[in-house]
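Reviewing the structure listed below.
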Amino acid sequence: MKILMSALAVTMLFSGNIAAAQDAAAGEKVFKKCKACHKIGEGAKNTVGPALNNIVGQPIGSVEGYKYSKAMKAANEAGLVWDEASIAEYIADPKAYMIKALDDPKAKPKMTFKLKDEQKAKDVSAYVASFSSTD
């Protein structure tokens, strides 16, 4: 019985991780909400928000030609770099992310939209990452 319960617990643990995996295809659908401010893909240009091509692995606040908030400029100066996890955390709550990342309770990015659903934020992050080169 103990072995069966242990096996069940391990199965549940792994199945939870599978369900929490990032899904770029699902992220593409959710990204439609982001298109009001952000462009991505061939020919994408800065609009209300910066274009999101090739941001994974790049310093935060470094899209050429975009006018960033003081908080994003500070993140850039601090050497913070985007990865899929930081993008997902930022998307979930931009202000909370910047406050934590900069250890500054007054840090305030321009982005106010919050995608509070953790799985959807991870999916959007995976979608955005699919537009970043990995070389």
Checklist line | Sequence-distant residues sharing a close amide H with Val81 (under 5 Å, placed H) | finding: Ile60
Margin query: Over 24 Å between Cα atoms: which of Lys39/Lys106; Lys70/Lys120; Lys67/Lys106; Lys45/Lys114 fall into that group?
Written below: Lys39/Lys106; Lys70/Lys120
Checklist line | Exposure proxy ranking, count of Cβ atoms within 10 Å, fewest first, for Val56, Val81 | finding: Val81, Val56
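Rule-based calculations on the coordinates, nothing more; no lab input. Note that the coordinates shown come from a computational prediction; the quantities given were computed from them, not determined experimentally. Cβ: placed from backbone, ideal geometry, glycine included. Neighbour counts: every protein chain shown.
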